[in-house]
Amino acid sequence: MQTLSPPRALLASLGYPAVLASSLLLAEGLLALRAPAGLIATLTFLLALGLTLLLERALPHDPRARFDPEDALWLAVTGGVQGAWQLAWMLLDAALAPVVVAWIRPQGGLHGAPVALQIAAALLLAEAVKYTLHRAAHTRPGVWPYHAAHHRPAQVYALNGARMHPVNLVWNLAADALVPLLLGLDLRAVVLLSALRNAVAALQHANATLRLKGWNLVFSTPDLHRWHHAVDPRHARANYGSTLIVWDLLLGTRALPEGDPGRYGIEGEILAPQGIRTQLREPWA
């Protein structure tokens, strides 16, 4: 752990919860203004990403990390996929939601339950699906090519979290969208859940020195996720959680060794979407 001046030590302790709280408070404020859920999701992510970039400037974990222009292309690709997904979901939602909710609510869906309970249930279920797919992406040859692009960078910082194959992105979005619908969540729970996910996602790749001891037992923090991006597959085969780390804890795949991974990225090559070349290691070998 770096020795920090008192103001920077305070920022290191408060930075992570402050970004989470800011995203949730913005979501609550926009809900009060009756803003569309899709707009709230976009704005909470942009706020969390902006605050994360400021933390990287104030408390750099690796001062050698630099912006890679290729990340701008990946941001455009993933942003386009997410935009198309949101448009398709909006077109289908009016027809699907009443049918699904009409079936679920008489069966005991979570509509009307405490918001915290709704969020916890949806997170646990969606994270179980995403954990399973993410672990398979590191252990099954047929799934790995759709995840390899995410592991190419030789550095870990906020903006390269957007490097994601469209298939990989869609399976994450599908779990995030379908689970709340199937559980019959209230709109407020859906929006706050999205805001929480967005904040954790923005922070996950942060190149910032943050004090995260307690948070490392709940969320997929940058301390944990750096090890997942290590070149050494013995370290990379861990910390599969997307938002929560709970399934890693329960299934024995959470890892937080002493020190620092040192080297990030993967070896070999595979052709990624939009002609971007990315590295390929066979992690199941």
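For the residues ALA65, ALA48, the requirement of being assigned to a helix (DSSP H, G or I), open to solvent by less than 40 Å² (accessible area, probe 1.4 Å), in contact (Cβ under 8 Å) with a residue 12 or more places away in the chain and not basic (Lys, Arg) singles out ALA48. Would you check if ALA255 is within 20 Å of the chain's Cα centre (by Cα), surrounded by fewer than 20 Cβ atoms within 10 Å (Cβ to Cβ), among the small types (Gly, Ala, Ser) and modelled with pLDDT of 90 or more? Taking the combined requirement at face value, the residue satisfies it. The range 190-259 holds no helices (runs of 4 or more DSSP H) entirely within its bounds that carry 3 or more residues that are more than 19 Å from HIS134 (Cβ to Cβ) and basic (Lys, Arg). Among the residues of the range 174-185, those that are open to solvent by less than 30 Å² (accessible area, probe 1.4 Å), modelled with pLDDT of 85 or more, closer than 16 Å to ALA128 by Cβ and of a type outside the set (Val, Ile, Thr) comprise ALA174, ALA175, PRO180.
For the range 1-19, a residue qualifies if it is surrounded by fewer than 20 Cβ atoms within 10 Å (Cβ to Cβ) and assigned to a helix (DSSP H, G or I), and the qualifying residues are PRO6, PRO7, ARG8, ALA9, LEU10, SER13, LEU14, PRO17, ALA18.
All of (1) within 20 Å of LEU244 (Cα to Cα); (2) in a helix (DSSP H, G or I); (3) more than 13 Å from the chain's Cα centre (by Cα) hold for LEU185 with one exception: (2).
Screening the candidates ALA206, ALA189 for the property of being more than 28 Å from ALA76 (Cβ to Cβ) and crowded, with 23+ Cβ neighbours inside 10 Å yields one hit, ALA189. When ARG57 is tested against the conditions (1) in contact with a Phe, Trp or Tyr (Cβ under 9 Å, 6 or more places away or on another chain); (2) over 29 Å from ALA174 (Cβ atoms); (3) at pLDDT 85 or above, the lone failure is (1).
The values are calculated or read from the model by the stated rules, or taken from the named source; none is laboratory data. Keep in mind that this is a model prediction, so the values were computed, not measured. Here the Cβ is made from the backbone with ideal geometry for all residues, glycine too, and neighbour counts use every protein chain on show. Only protein heavy atoms, including side chains, enter the accessible area calculation; ligands, DNA and RNA are left aside. Shrake-Rupley method; radii C 1.70, N 1.55, O 1.52, S 1.80 Å.
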